[in-house]
1. Name every residue in the range 699-752 that is open to solvent by 30 Å² or more (accessible area, probe 1.4 Å) and in a helix (DSSP H, G or I), in order of residue number.
2. Applying the selection to the range 138-190, what residues are aromatic (Phe, Trp, Tyr) and more than 21 Å from the chain's Cα centre (by Cα)?
3. Which one is most open to solvent (accessible area, probe 1.4 Å) among residues in the range 607-623 that are assigned to a loop (DSSP other than H, G, I, E, B) and in contact with a helix residue (DSSP H, G or I) (Cβ under 6 Å, 6 or more places away or on another chain)?
4. Look at the range 157-194 and say how many of its residues are under 18 Å from residue 143 (Cα atoms) and either open to solvent by 10 Å² or more (accessible area, probe 1.4 Å) or not hydrophobic (A, V, I, L, M, F, W, C) (or both).
5. Would you check if residue 89 is assigned by the TED database to the domain that holds residue 125, in contact with a helix residue (DSSP H, G or I) (Cβ under 8 Å, 6 or more places away or on another chain), modelled with pLDDT of 95 or more and closer than 16 Å to residue 331 by Cα?
6. From 365, 353, grab the single residue that is in the same structural domain as residue 63 (by the TED database), buried (at least 20 other Cβ atoms within 10 Å of the Cβ) and farther than 21 Å from residue 29 by Cβ.
7. Among (1) outside the structural domain of residue 752 (by the TED database); (2) closer than 30 Å to residue 740 by Cβ, there is one condition residue 839 misses while meeting the rest; what is its number?
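The values are calculated or read from the model by the stated rules, or taken from the named source; none is laboratory data. Note that this is a predicted model, so its numbers are computed, not measured. Glycine also receives a Cβ, built like all others from the backbone with ideal geometry; neighbour counts cover every protein chain displayed. Ligands, DNA and RNA are stripped out before the accessible areas are found, and what is left, the full protein with its side chains, is counted by its heavy atoms. Shrake-Rupley method; radii C 1.70, N 1.55, O 1.52, S 1.80 Å.
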Amino acid sequence: MTRIRCFLFTAALTLFLGTCVSAQMPYVADLSRMTPEEETAVMSVLDQLSFEEQIGQLMMIRAHSDLGADHIAHVKREIKDYHVGGLCFFQGTPEKQLELTNTYQDLARVPIMVSMDAEWGLGMRLPKQTISFPKQIALGAIRDNQQVYDLGKEIARQLRRMGVHVSFSPVLDINNNPNNPVINTRSFGEDRYNVTIKGYQFMRGLQENGILASAKHFPGHGDTGVDSHYDLPVIAHGRERLDSLELYPFQALVRYGIGSVMAAHLQVPALDDRQNRPSSLSRPIVYDLLRKDMGFTGLVFTDGLEMKGVTKHYGDGEVEAEAIAAGSDILLLPESTPDAFRAIKRYVEEGRISREDIREKARRILLAKHRLGILKRVDRPSLTNLRGNLNTPEAYDLKQRLFEHAMTLVRDQERLLPLSQPMGGKVVAVHIGQNAPTPFSRRMNDYAKVTHLNASYGLNATDRDRILRNVGNNDRVVVALYSDGSRFLEKVPISNGVRTLLRQLDERAELVVSVFGNPYSLSELDEVPTVLMAYSRDDVAQDAAAKALFGANKINGRLPVTASPTSAFNAGVETAAVFKMGFDAPEAVGLDGNLLTAKIDQLAREAMAKKATPGMVALVARNGKIVYEKAYGHHTYSKQRRTKTTDIFDLASVTKVAATTISLMKLVDEGRVNLDVPISNYLPETRGTAVEFLTLRPMLAHRSGLRSWIPFYKNTLDDKGQPKRQWYSNRQTGDYVIPVTDRMFMKAEYLDSMWLQLYTNELPNKGQYRYSDLGLYLSARIIDRVSGLTVDEYAARNFYRPMGLETMTFNPLRTFSKNRIPPTEKDTYFRMATVHGSVHDMGAAMLGGVSGHAGLFGSARDLATIFQMLLQEGNYGGVQYIRPETVRQFTTRFPGETRRGIGFDMKQLDEDKSQNMAQQASDQAFGHLGFTGICAWADPVEDLIVIVLSNRTYPSMNNNKFGKLDTRLRVHAAAYQSLLPSRTFGK
């Protein structure tokens, strides 16, 4: 049965791999054959090399860019005196490394082959200046193997930019020992098939893009508890087990074109039973097994020859000579180049190594250099913008994508995901091993109001009591377990105190644990019903975990190892994204982030410099991901308080769509409102008045004939333009109960006068388009009569609260401090005060801050969420708030209109009229503008949202510079101008 399974998998793998290698590979792995052109090129160099120079080609020495002048001088001497053919770079900086690479190449007679350990990218050796991608254990969780290819391709691009030719990756060790101190998270996992396919895709990504890959650590370093850097590990398994497991990935990649193999320092008695004989020095292993039995014809590197696993039992230079005799081609990191030279020459003199063998190894190396394009001449990459070329937005996007694909929901027995704010409770996050704020806690705050608590792994009973006092029975608790940051292990040291706390939390509340570290730590969490594995405490992993928990991203990773029977290999619960607003890099959704930032920054600076507005916030979202969110300037020109992205702005006429229109859409869905019956059906008091037979559909499209507005406030002023004491008081007392501002209250009876003026007003624009606030006054009143709720409460109950939109509110001073609300005007014509936290619109203010045309306040992010719900045809977070057909009905132009939908503003199609949005926007784009300097646009074709919030009316609404500069339109255009043309990004 086992043989049948192996045959079937091998057949499937052959088909899979065969289709993948159909494209021509830039690097050809088989060094046993040369084309006529290659033979001419290689032999012309080889024939000019002395015997000593041929030995030099076999040496790949250590190089750093942070060890100073003595080290640099040493490397130069080695190149000059011993003609070393290769360098392996370690710590330093990218700029210094490239500078030294170019310097060293200038010294070499034959160009140098440069290598690095880049298992998770340049960050493995240059962690402070370059990107560290996920380690292979996280890649092992990814089900889409194309992602692994993309990683190999990107690492190849970065290495080429650095003048590097060899990456010592992929790691093909099958890690089936949880206590392995050196491989562990560097492995793709415990399953030979998963390791093989992931390793192959990684290799393809490197070699198809000009970098020589190296499979390591042959014959398999996964099942050991000893680090070969310090001692010689023993692999005690028999040959049958080795063939079926440890050797399996190496055999497969040899067959499918791996360019090089790294021989490890392991004692494997089943393959060579000599005492203290490392595999790297074993001819039965390197030559007989790898070369003859497996048919490998590429380069063989030793593992680092400075390691105690190989040097412990051999004299000076003897390790290097034995490695050559065993069959290796390149000696990586010889302890002493002079000693190695002397020992190799002695072995030749003694007949233990032949001159022909040295020449053949040199030929293979020169042929590899030729195929890498560095035999006769090597490019000298420029240092100009090196850091920017390495750490590109696309590279960061790839890193984020990899971690998002790796997220693994090990189990969710109580079906707690996606998380949401619990009714009658709160979300509590307990951070153990790192103190909040962390990237995880900050991203959690974007989705819910979270109480954050910190603790260490050494927490005691007092610590547990402190945490438990903050947790109620209706709460949802997320415990974040952060690793210790150790390089290969990412150990999560779960203590007895932590286990006790988890049991107590699970008994009291709904518990979710998120692990930012080694998956083997899951063995300590068998009793936890919901566990998310994030594999690393890397900032990007933390961000991806928060988005996964709240449903912004789907989860489909699978455990690459077995930690316990309840956390076994291939475990993983799949979840779907629930259409919540997420966060991403611009490039991830097809936008040029640098261009977008540069354009919006310039427009914002211009608006500030010309005093068009004291401050503003701009937000851009695409495909449900916020990719740009930035605040500029200050609340006022006195510059005492900086504008923040979380500030709450007066949204002015955006109220018409983000409160009134969506509320009417909901009522239409429920059959409680009909757009085509006279409004007198809902407002009986309008019978016999000018507005009796108006219907909602044309009224919302500004086609009902109503005036633009009525300045109700003017009739309440005296001859000097001051508010009449008959109508206003500075205290809320008696009949003065309508809050115009927080220090101005209107007599309630004047409301009747306002409505009478509106009902009896003639219709001077009948049959014509005339933008009017008055129809929205009436719309809000209809919502009130039909639902029994004022528009603010109806919108809050049906949209804002269930969607988690904390800042979307009318009369924000009931909930928020003025510190979060930019003022809108120093009013000298009505309120005679600074309008700050009260609605700017005079009519809405006289209605107590709640009207259908103005009064809504909110942040850019919450407003964008409303429009994301509309782009998703009324669905958000898995809840259908409005039917798709209703969304389509309201966001379709009114018959004969070039601009207006039902309630919504749309792109002006008449080029002879004033344009309201970017020319590049699709004809289906919809949204609204706001008088205080607001715009909110959504484009279903590009799945694009652009929000601009400002308080351009401060200190005077007569300041029209913001409009004259067309700042809102130009910010909108900047988003379209930043679209990347080379890729298609769908929903």
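1. 714, 715, 751, 752
2. Going residue by residue through the range 138-190, those that are aromatic (Phe, Trp, Tyr) are 149, 168, 188.
If the condition is that a residue be aromatic (Phe, Trp, Tyr) and more than 21 Å from the chain's Cα centre (by Cα), then 168, 188 are the ones that fit.
3. 610
4. Counting residues in the range 157-194 that are under 18 Å from residue 143 (Cα atoms) and either open to solvent by 10 Å² or more (accessible area, probe 1.4 Å) or not hydrophobic (A, V, I, L, M, F, W, C) (or both) gives 10.
5. Details: assigned by the TED database to the domain that holds residue 125: yes; in contact with a helix residue (DSSP H, G or I) (Cβ under 8 Å, 6 or more places away or on another chain): yes; modelled with pLDDT of 95 or more: yes; closer than 16 Å to residue 331 by Cα: yes.
So residue 89 passes the test.
6. After ruling out the rest, the residue left standing is 353.
7. Here residue 839 meets the rest and fails (1).
Yes/no matrix, rows are residues, columns are (1) hydrophobic (A, V, I, L, M, F, W, C); (2) in a loop (DSSP other than H, G, I, E, B):
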site: 338; (1), (2): no, no
site: 344; (1), (2): yes, no
site: 352; (1), (2): no, yes
site: 368; (1), (2): yes, no
site: 398; (1), (2): yes, no
